[in-house]
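Since the structure comes first, as structure tokens, the remarks are kept for the end.
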Amino acid sequence: MNQIIDNIKARRSKRCFVDRDIPEKVIKDIVEAGCYAPSALNKQPWKFIIFTDKGKIRRLSRIVREIYLKTSKFLPILRLIKPMLKDPQVIAALKKTVATEDDTVFYNAPALILITSDKNEHYAAKDCAIASQNMMLYATSAGISSCYIGRAEVLIRSKEARKMMGLPPGYLIQSAVVFGYSPENDDKAFIPQRKNNIINWVR
């Protein structure tokens, strides 16, 4: 089978990592894979922020939790203006984040990469999402697990987090991915069934 499709099918979102650092060269290669993603008008709007200090990653996780704790107090009102907050899976993830001191945001991963862009770049969200996919696929080929983290975007609300990230004014977190090595017994993760009836082939 084609090596690219092999990597696509082998990639899984992993949320359990062993205490092992990723070599700096490999992290640079992961980011380079992201840099070669396509982007609208070839603007390449991304800036990559890399964290490999576990204490700092843990602090960012706690900041996300603190923000969600504050948000949860207004959940009944927010549900009226944000339809996604009516989704049981979203609510379950939110509750899990605030219910424990464990790192349920970045999962104690040894590496966190945030992909950011100027908020005025119209297509940046799409561009950065494509870049993150490139990074995860390369990581899979290098034997490294990954997980796309949607909740990290709220870090821009925190002055402390913005200072830690060195995030310029007017910049948003468009994508966030954690990377690390999975336990040996976690090699064969559950493969979710692919949805059917998703193609409308217009001939």
> Considering the values (1) 8, 30, 37, 21, 4, 0; (2) 9, 34, 30, 15, 9, 3, 0; (3) 9, 36, 32, 17, 6, 1, 0, which represents P(r) over Cα pairs in 10 Å bins from 0, in percent as calculated for the structure under consideration?
Replying inline: (1)
> What is the pair-distance distribution P(r) of the range 159-203, computed from all Cα-Cα distances in 10 Å bins starting at 0, with each bin given as a whole percent?
Replying inline: 15, 23, 20, 28, 14, 1
> In terms of the Cα gyration tensor, with a ≥ b ≥ c the square roots of its eigenvalues, is the range 101-203 rounded because a/c is under 1.5, prolate because a/b exceeds b/c, or oblate?
Replying inline: oblate
> Which order do peptides 13-26, 133-146 fall in by mean Cβ count within 10 Å, highest first?
Replying inline: 133-146, 13-26
>> With both bridge residues required to lie in the chain, what share of the DSSP beta bridges run antiparallel, to the nearest 5%?
In response: 95
>> Given a 10 angstrom Cα cut-off, can you work out which residue in 114, 155, 94 is the most mobile in a GNM of the chain?
In response: 94
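No value in this document is a laboratory result; all are computed from the given coordinates. The structure presented is a predicted model; accordingly, all values stated were derived computationally and were not measured. Cβ coordinates were reconstructed from backbone atoms using ideal geometry, including for glycine residues, and neighbour counts include every protein chain displayed.
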